[in-house]
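Before any comments, here is the structure.
The values are calculated or read from the model by the stated rules, or taken from the named source; none is laboratory data. All figures in this text were calculated on a predicted structure; none of them were measured in a lab. Positions of Cβ are generated from backbone atoms using ideal geometry, with glycine treated the same way; all protein chains shown enter the neighbour counts.
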Amino acid sequence: MKMLVLNHKMNFTYDEVNDYIKKINDIKTNKLNLVVCPSYIYLTFFKYNNYSLGSQNVGMIEKGSLTGEISAMQLKKVGVRYCIIGHSERRMTLKETNEMINKKISLLQYNNIIPILCVGETLEEKRANLTIEVIKEEIDKAFMDISNIDNIIIAYEPIWSIGTGVIPSSVEIFNVIKEIKEHINVKYSTKLKVLYGGSVNSENINYLEEIKNIDGYLVGGASLDTKSVSHIINVMEEKYDS
Ligand code: PGA
């Protein structure tokens, strides 16, 4: 089943999120796995009958003295089933390292929360032909000493595409996802789902859905508008049917 992960980032006031919840609770889908990742403070507002609940981050220690952070166990207990890890905004702005991401993955797995690991290259790295190298390093460092990686989901998000409205060509996306899958297959002898993220919206979803090896999407900006979300779901479901 394909996935659609909605990353609200740091958006919505109290009133806005309540309005959004009314609308998202009405969206029906049984052909794809919809995951909503609101800000921490709203997690418990979501009813998640027709979607699963996801977190945008998790604290890097088990519990206790880490002011302002939320643990994997706390997330688990309010119904969180997925957690975005290593988003480029956290890696770049908050200086999150591969080592921190690796710790977070083990804590999530211990609490049966599925990590959605974000990887991707900057524009400079792309221009220098380093895309695959950078991604492999992010994956290998994140997976270090993790005994079972079978339930991890990868989100390929070219950093230059996030929030910019610019997406790679379908050939570029296909090739990067192919290489990610091959790497995981060869090095870890398993198959993982690979999502695409970066400026996915209701205008380009038809184009993206033509790419054969994408297992779903991680959507930021367009996820804030339930009309766009419905449209994206409709296109994905039509594709599923055809
Ligand atoms: P975007 O964000 O859809 O607004 O580009 C995607 C993401 O950062 O996960």
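Some notes on this structure:
- Exclusive hit being of a type in the set (Gly, Ala, Ser) and within 23 Å of Gln74 (Cα to Cα), set Ala142, Ala155, Ala128: Ala142
- Matching residues in region 189-204 - criterion: being away from the ligand (no atom under 14 Å from the Cβ) and either over 16 Å from Ile177 (Cβ atoms) or free of Cβ contacts under 8 Å to residues at least 24 places away in the same chain (or both): Ser189, Lys191
- The listed residues are Met100, Met73, and the only one of them that is surrounded by fewer than 18 Cβ atoms within 10 Å (Cβ to Cβ) and either farther than 30 Å from Ile21 by Cα or without any contact (Cβ under 8 Å) to a residue 12 or more places away in the chain (or both) turns out to be Met100.
- Selection status of Asn49, free of Cβ contacts under 8 Å to residues at least 60 places away in the same chain, of a type outside the set (D, E, K, R), surrounded by fewer than 18 Cβ atoms within 10 Å (Cβ to Cβ) and in contact with a helix residue (DSSP H, G or I) (Cβ under 8 Å, 6 or more places away or on another chain): no
- In region 175-190, the qualifying residues are those that are over 19 Å from the mean Cα position of the chain (by Cα) and under 18 Å from Lys141 (Cβ atoms), and the one that is surrounded by the most Cβ atoms within 10 Å (Cβ to Cβ) is Tyr188.
- Residue in region 6-18 that is away from the ligand (no atom under 16 Å from the Cβ), of a type in the set (Ser, Thr, Tyr) and over 19 Å from the mean Cα position of the chain (by Cα) present: yes
- Among all positions in region 196-205, there is no residue which is surrounded by fewer than 18 Cβ atoms within 10 Å (Cβ to Cβ), at pLDDT 95 or above, of a type in the set (A, V, I, L, M, F, W, C) and assigned to a loop (DSSP other than H, G, I, E, B).
- Among the residues of region 1-11, at least one is surrounded by fewer than 17 Cβ atoms within 10 Å (Cβ to Cβ), touching a strand residue (DSSP E or B) at 6+ places or on another chain (Cβ under 7 Å) and closer than 24 Å to Glu237 by Cβ.
- Looking at Ile139, Ile154, Ile162, Ile84, just one residue is away from the ligand (no atom under 16 Å from the Cβ) and surrounded by 14 or more Cβ atoms within 10 Å (Cβ to Cβ), and that residue is Ile139.
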